[in-house]
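Remarks on the structure that follows.
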Amino acid sequence: MMPTSRLGRQLSEVTAALNAIGAGFALIGGLALASYKVVRATQDVDFLADSGSADAIEAELMKLGYRRLHRDADAANYARGDERLDLIYAHRPIARRLLADARALDTSLGSLRVISAEGLIGFKLQAFVNDAQRTQDMEDIRALLRANRGTLDISQIREYFRLFEREALLEGLLHETD
């Protein structure tokens, strides 16, 4: 059954194009949260993608009518009308591991590879550290911790918070979500 929402159609079209070229990718961002019992409104599609496929991905997106807003070694942003697509390129060891470990999950938008809840928390933390104005990222972390506390690998999450020197923040969040 074809998704009927604008985001669902966009996601279906882009994943088909990326699968057709054999690009490694996994869902991250707001849409990925639903795979871990956190639902919130979002207006864009976010993927973690293999950095080695960046040129091929961009070529496919151009064929689909997207235009590049930004691209560097770490990330890219594309738009088509009011549709947004954001990519983070996996070239660092942690991101490459998260991409390799992404699991195919049955979602309301079909079967999609989605990174782990721990990985989502790591990316949300990185976004928050890069821009503390991104308070939605901190709310997403809280919601992921609350909804998945019994199944999360807290030691892996501690590694992400240690990487960004935010161990005290994690302790506060864990206490909040007890």
When you look at residue 82, is it touching a strand residue (DSSP E or B) at 6+ places or on another chain (Cβ under 7 Å) and of a type in the set (Asp, Glu), yes or no?
no
Can you find a residue in the stretch 126-139 that is closer than 18 Å to residue 23 by Cβ, over 14 Å from the mean Cα position of the chain (by Cα), open to solvent by 60 Å² or more (accessible area, probe 1.4 Å) and modelled with pLDDT under 95?
no
Give me a count of the residues in the stretch 96-136 that are assigned to a helix (DSSP H, G or I), under 26 Å from residue 62 (Cβ atoms) and touching a Phe, Trp or Tyr at 6+ places or on another chain (Cβ under 8 Å).
1
Among the residues of the stretch 70-83 satisfying the criterion of being closer than 20 Å to residue 52 by Cα and of a type in the set (A, V, I, L, M, F, W, C), which is least open to solvent (accessible area, probe 1.4 Å)?
76
Looking at the stretch 148-169, which of its residues are among the acidic types (Asp, Glu) and over 22 Å from residue 135 (Cα atoms)?
153
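Condition check ((1) open to solvent by less than 40 Å² (accessible area, probe 1.4 Å); (2) modelled with pLDDT of 95 or more; (3) of a type outside the set (A, V, I, L, M, F, W, C); (4) in contact with a strand residue (DSSP E or B) (Cβ under 7 Å, 6 or more places away or on another chain)) across all residues:
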| site | (1), (2), (3), (4) |
| --- | --- |
| 5 | no, no, yes, no |
| 37 | no, no, yes, no |
| 44 | yes, no, yes, yes |
| 60 | yes, yes, yes, no |
| 89 | yes, yes, yes, yes |
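The values are calculated or read from the model by the stated rules, or taken from the named source; none is laboratory data. Note that this is a predicted model, so its numbers are computed, not measured. FYI the Cβ positions are ideal-geometry reconstructions off the backbone, even for glycines, and counts take in every protein chain you see. These accessible areas exclude ligands, DNA and RNA; they are computed on the full protein's heavy atoms, side chains included. Shrake-Rupley method; radii C 1.70, N 1.55, O 1.52, S 1.80 Å.
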